[in-house]
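The values are calculated or read from the model by the stated rules, or taken from the named source; none is laboratory data. A quick note: this is a predicted structure, and the numbers were derived from the prediction, not measured. All Cβ positions, even for glycine, are placed from backbone atoms using ideal geometry, and neighbour counts span all protein chains on display.
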Amino acid sequence: SYDFTPLDSSAVYVLSSMARQRRTSLS
Amino acid sequence: PPPQNNQPVEFNHAINYVNKIKNRFQGQPDIYKAFLEILHTYQKEQRNAKEAGGNYTPALTEQEVYTQVARLFKNQEDLLSEFGQFLPDA
């Protein structure tokens, strides 16, 4: 089960936007 | 426009990764907190650079983010190599 705080959610947001940036820079 | 299908994959990967870190460092909340701090500093620097339109060099580069996280996650090779999958220029 996910017990996410707002801080956790913002970490998820940063990580996924990093991954997205990585994908666009690789393609 | 580029296809957006990968977005949920990236989001799920990020959720799983954050969960993994939380579980791994359950007894060491300071490490988890420091990791979040690195991420937020990186994000802030990226935003500053974007807003300055090229007139601002981020104080925290991808390489430095990686180095800081490596120091934090010492002896946790799996977490570190997975983190490398998120970094744009790792």
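Tabulated values for the structure
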{"item": "B:Y42 vs. criteria in contact (Cβ under 8 Å) with a residue 60 or more places away in the chain and either facing chain A (nearest Cβ under 9 Å) or on the phi > 0 side of the Ramachandran plot (or both)", "result": "no"}
{"item": "Subset of the stretch B:53-66 (residues that are surrounded by fewer than 12 Cβ atoms within 10 Å (Cβ to Cβ) and among the hydroxyl-bearing types (S, T, Y))", "result": "B:T57"}
{"item": "Residues of the stretch B:13-29 that turn out to be surrounded by fewer than 18 Cβ atoms within 10 Å (Cβ to Cβ) and not in a loop (DSSP other than H, G, I, E, B), as a count", "result": "6"}
{"item": "Residue ID - nearest to the other protein chains (Cβ to nearest Cβ), chosen from residues in the stretch B:67-90 that are more than 12 Å from B:Y17 (Cβ to Cβ) and surrounded by fewer than 14 Cβ atoms within 10 Å (Cβ to Cβ)", "result": "B:D89"}
{"item": "Any chance B:L80 is in a helix (DSSP H, G or I) and in contact with a Phe, Trp or Tyr (Cβ under 6 Å, 6 or more places away or on another chain)", "result": "yes"}
{"item": "Selection within the stretch B:31-52 - farther than 18 Å from A:V12 by Cβ and either modelled with pLDDT of 95 or more or not acidic (D, E) (or both)", "result": "B:N48, B:A49, B:K50, B:A52"}
{"item": "Long-range neighbours under 6 Å by Cβ, at least six apart or interchain, first residue closer than 12 Å to B:F25 by Cα and hydrophobic (A, V, I, L, M, F, W, C) within the stretch B:73-84, second outside any helix (DSSP H, G or I) and at pLDDT 95 or above", "result": "B:L79/B:F73"}
{"item": "Cβ-Cβ under 9 Å pairs, at least 6 apart or on other chains, the stretch B:25-38 side small (G, A, S), far side crowded, with 16+ Cβ neighbours inside 10 Å and part of a helix (DSSP H, G or I)", "result": "B:A34/B:Q68; B:A34/B:L72"}
{"item": "Residues of the stretch B:54-69 classified as over 18 Å from A:A19 (Cβ atoms) and modelled with pLDDT of 90 or more, total", "result": "3"}
